[in-house]
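This report refers to the structure that appears directly beneath it.
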Ligand code: S3P
């Protein structure tokens with residue numbers, strides 16, 4: 001159980017662990033490339049270890065050399081039928097992206113995950129992959145994992161995704177690498193584009209413009225991949241620092257991919273002072289130092305168009321909205337219901353427990369400003385982002401906030417508690 005108490009301010013400089021989305025893709029895409037992929041800054045969280053385990057199961061040699069992960073890629077057709085079930089653990093990205101790759105393989109695969117993942121919708125990827133010619137079955141009429149996949153002989157499709165989801169887009173793009181012809185995927189609001197950027201960096205035949213991505217048969221070549229710090233992990237610290245007047249925090253080497261920086265836009269709109277410095281680039285992904293100064297924030301309206309650019313940051317935004325001046329409304333965020341937990345219900349329920357006035361909406365929530373957070377014991381629902389968001393609530397609470405089952409934080413941010421201690425001053 002993690003216990004967090006009120007702090008006076010947040011101060012210092014930290015690095016956050018590697019980007020989760022990019023770490024998964026680095027292992028997967030290196031595995032289907034020819035030659036060696038050398039990954040630096042890889043996220044040592046449970047989700048990304050699930051991806052490594054799956055690719056080892058498919059016959060890819062992956063070495064852990066401390067500061068580097070070395071993937072000995074075997075090319076697009078180099079994977080072998082796994083002897084056993086592939087286990088994606090808690091990771092939606094692992095299951096959905098690997099399903100795209102497995103759709104290109106003639107052999108049989110069975111993919112499962114933990115109790116949370118086995119409840120999450122897989123029809124969103126199974127439907128387009130079936131259209132491409134893959135055989136995919138699962139529980140509940142093919143909607144839920146475990147999934148059984150036999151692929152091969154794929155044909156290209158032109159698919160408009162009903163949801164803005166990088167996992168759906170990526171599954172189709174990865175299958176598209178194996179399909180005859182050009183596969184097109186379109187989405188209303190563009191989701192994160194790490195797959196597109198990395199495919200390009202590895203020599204893939206891919207173009208993207210205005211919410212439309214086109215991929216064709218490709219040959220990929222392994223290379224060095226530097227993984228930037230995860231802005232979704234940084235967000236817990238950025239939000240806390242932004243909302244505590246007198247704070248000054250520097251996040252070093254944070255990812256700045258524009259499809260992920262909605263949190264910076266929202267914090268600025270709430271009144272925070274944020275600057276960016278020391279920008280670098282690796283594998284098509286920008287990173288830089290993010291400098292945050294704390295102020296009294298104000299409530300805002302967060303609408304559908306920005307949601308894909310901050311989908312994982314909404315729990316922590318909800319928490320700091322509770323101490324801002326005025327009401328914050330979040331709408332168009334129904335995708336939160338199918339994350340590791342139903343993040344709308346989880347957050348509303350737990351925020352109420354610590355004394356925050358918040359109302360659940362069908363597609364988001366409405367949070368009153370200037371709450372006195374009293375503290376208390378809360379659930380994590382085994383969801384890492386709920387646990388960390390509620391830990392941030394503790395930084396503003398009169399009494400402590402105690403988070404049950406906080407070990408789930410290890411999915412994306414193993415040393416969260418240590419980093420939090422490092423930058424909090426309690427007067
Ligand atoms: C991810 C995409 C997002 C995000 C998840 C990681 C990815 O999910 O919430 O944490 O790596 O592609 P959706 O694609 O389902 O929106």
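At a glance:
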| item | result |
| --- | --- |
| Qualifying residue in region 124-147 (condition: in contact (Cβ under 8 Å) with a residue 60 or more places away in the chain and under 22 Å from residue 172 (Cα atoms)) | yes |
| Any chance residue 345 is at pLDDT 95 or above and either within 16 Å of the ligand (Cβ to nearest atom) or within 15 Å of residue 378 (Cα to Cα) (or both) | yes |
| Cβ pairs under 6 Å, 6+ apart, first in region 148-174 and in contact (Cβ under 8 Å) with a residue 12 or more places away in the chain, second within 7 Å of the ligand (Cβ to nearest atom) and outside any helix (DSSP H, G or I) | 164/191; 165/191; 166/191; 166/192; 169/191 |
| Where residue 234 falls short, out of the listed (1) within 16 Å of the ligand (Cβ to nearest atom); (2) modelled with pLDDT of 95 or more; (3) surrounded by fewer than 24 Cβ atoms within 10 Å (Cβ to Cβ) | (3) |
| Any hit, region 3-13, residues being within 16 Å of the ligand (Cβ to nearest atom), in contact (Cβ under 8 Å) with a residue 40 or more places away in the chain and in contact with a strand residue (DSSP E or B) (Cβ under 7 Å, 6 or more places away or on another chain) | no |
| Count - residues of region 293-334 that are assigned to a loop (DSSP other than H, G, I, E, B) and either over 18 Å from the mean Cα position of the chain (by Cα) or closer than 20 Å to residue 276 by Cβ (or both) | 15 |
| Subset of region 122-137 (residues that are within 16 Å of the ligand (Cβ to nearest atom) and either assigned to a strand (DSSP E or B) or surrounded by fewer than 16 Cβ atoms within 10 Å (Cβ to Cβ) (or both)) | 123 |
| Whichever residue in region 323-338 is touching a residue at least 60 places away in the same chain (Cβ under 8 Å) and within 16 Å of the ligand (Cβ to nearest atom) and, among such residues, is surrounded by the fewest Cβ atoms within 10 Å (Cβ to Cβ) | 338 |
| Considering residues of region 249-280 that are assigned to a strand (DSSP E or B) and touching a residue at least 60 places away in the same chain (Cβ under 8 Å) only, the residue nearest to residue 21 (Cα to Cα) | 255 |
| Matching residues in region 300-322 - criterion: being surrounded by fewer than 19 Cβ atoms within 10 Å (Cβ to Cβ) and farther than 17 Å from residue 363 by Cβ | none |
| Wholly within region 142-195, strands (runs of 3 or more DSSP E) carrying at least 2 residues that are under 21 Å from residue 116 (Cα atoms) and in contact with a helix residue (DSSP H, G or I) (Cβ under 8 Å, 6 or more places away or on another chain) | 144-150 |
| Residue check, residue 175 surrounded by fewer than 22 Cβ atoms within 10 Å (Cβ to Cβ) and either over 23 Å from the mean Cα position of the chain (by Cα) or not assigned by TED's automatic domain parsing to the domain that holds residue 338 (or both) | no |
| Residue check, residue 223 without any contact (Cβ under 8 Å) to a residue 12 or more places away in the chain and away from the ligand (no atom under 16 Å from the Cβ) | no |
| Qualifying residue in region 308-319 (condition: away from the ligand (no atom under 13 Å from the Cβ) and free of Cβ contacts under 8 Å to residues at least 60 places away in the same chain) | no |
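The values are calculated or read from the model by the stated rules, or taken from the named source; none is laboratory data. Quantities reported herein were computed from a predicted structural model and do not represent experimental measurements. In this analysis, Cβ positions are derived from the backbone assuming ideal geometry, glycine residues included, and neighbour counts consider all displayed protein chains.
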